[in-house]
Amino acid sequence: MALSHPNKDYYDLEDNGFCFLPAVFSKDISVSARHGLWSVINEEYETGRVPETRFWETGDDPKKIIKIDKPHLCNNAVWNLVTDVNFGKALAVATHAKKVQVWHSQVVWKPQSIETSGNAGWHRDAQYWPFWGKRGLFTAWVALSNVSLRSGPVRFISGSNHWKEIEGLDFFDKNLIKQDKILEKHHGKSEIVSGALKIGQVSIHSSMTYHSSQANLEERPRVGMVVHFCTDKAKRIAVKGDNKDYLDQLNDPTITPIIYRD
Ligand SMILES: O=C(O)CCC(=O)C(=O)O
């Protein structure tokens, strides 16, 4: 059952795997960042730097989810959002961290959906990050539009941060019905909490928390700036292959800024 608890203080990052912060960003700052992301989507790179990866190109279906990695490199308003001092402090308080470093980001821009076009499959972020250990890794989801229950908010499975890994779940798989069956087979009925947020509000989830999102039934796009951050408790893991050097960028503050230090 999808719930959005009226008292968002109710959820604990450690116990439930996610939590909600009081409004962090003003409407003006949020709208500027949203405009900045729209420029990046349209390949206008104000800073002269390109995003890390584009999963949507100009001319692609405008009803598809627009996902672009590391847009904070390309636009000043987006950079200012992810490096905001109060944001850094809020993330440090919520995660009991001595250090907060942004090591990755994504825009997930979800236009009004057609059928399953807006679905993002169940996943935990850690499944894509073999080069990180399990502790000290979190994602802040910053609402850059008002996110109603009808707009396909991110939804979290309460307590799933304590689960063992489940095979067959993936962000890019739009078949949520099939994935719901897999989840039910492993854990029966679970408590699913939807992150309905006002513009400027932020949710945080652990890299181990299963989450997904459904269709946007509103006319306006649902816009999320997804900020992946690590704390002083995060441990890098040596891997072979293409990702061997991926985290070397942690030494470059122009890519992975430290936004809080005790
Ligand atoms: O914005 C969404 O719908 C999905 C976001 C997501 O997977 C994440 O924040 O890790």
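What follows is calculated from the coordinates using simple rules that are stated; it is not laboratory data. Quantities reported herein were computed from a predicted structural model and do not represent experimental measurements. Reconstructed Cβ throughout: ideal geometry from the backbone, glycine too, with neighbour counts over all protein chains shown.
If R0 is 25 Å, the Cβ-Cβ spacing of residue 85 and residue 9 corresponds to a FRET efficiency of close to 0.60.
Charged neighbours of residue 140, selected by a Cβ distance under 14 Å, balance to -1 (K, R count +1; D, E count -1). Here's how it looks for residue 199: its modeled amide H is under 5 Å from those of 146, 147, which are all 5 or more places away or on a different chain. Can you work out the base-10 log of I(q)/I(0) for segment 28-130 at q = 0.13, 0.20, 0.25 1/Å, using the Debye formula on its C-alpha atoms alone? The calculated log intensity ratios at q = 0.13, 0.20, 0.25 Å⁻¹ are -0.56, -1.15, -1.32. Annotation note: GluC sites (Glu not before Pro) in segment 132-211 located in DSSP loop regions with a Cβ neighbour count of at most 16 within 10 Å are 165, 167, 191. Going down the list 99/185; 27/235; 70/240, which pairs span over 30 Å between their C-alpha atoms? From 99/185; 27/235; 70/240, over 30 Å: 99/185; 27/235. Under 5 Å between amide hydrogens, built in the peptide plane, is the criterion, and for residue 104 it picks out 228 among residues at least 5 positions away or on other chains.
Ranked by the mean number of other Cβ atoms within 10 Å of their residues, highest first, the peptides 110-118, 59-67 fall in the order 110-118, 59-67. Taken about its Cα centre, the chain carries a charge dipole of roughly 440 debye when the Cβ of each Lys and Arg holds +1 and the Cβ of each Asp and Glu holds -1. Listed values for segment 250-261 are Karplus-derived 3J(HN,Hα) couplings in whole Hz (6.51 cos²θ - 1.76 cosθ + 1.60, θ = phi - 60°), namely 4, 8, 10, x, 7, 10, 10, x, 7, 10, 7, 9, and x replaces Gly and Pro.
Considering only Cα atoms, the convex hull volume of segment 13-261 works out to 122 Å³ per residue.
Tell me what the chain gives for mean residue ellipticity at 222 nm when only DSSP H runs of n ≥ 4 count, each as -39,500 (n - 2.57), the sum divided by the residue total, rounded to 500 deg cm²/dmol. Rounded to the nearest 500, the figure is -5000 deg cm²/dmol. Computed with the Debye formula from one identical point scatterer per Cα of segment 160-227, without solvent, the log10 of I(q)/I(0) at q = 0.17 Å⁻¹ comes to -0.78. About its Cα centre, segment 125-262 has a charge dipole of approximately 280 debye under the convention of +1 per Lys or Arg Cβ and -1 per Asp or Glu Cβ, with nothing else charged. For segment 83-192, pairs of C-alpha atoms spaced more than 23 angstrom apart make up 40 percent of the total. Taking a Cβ cut-off of under 10 Å around residue 218, the surrounding Lys, Arg, Asp and Glu residues balance to a net charge of +3, with basic ones at +1 and acidic ones at -1. Using +1 at the Cβ of each Lys and Arg and -1 at the Cβ of each Asp and Glu in segment 13-261, identify which of 31, 133, 108 lies farthest towards the dipole's positive end. Final value for the positive-end residue is 133.
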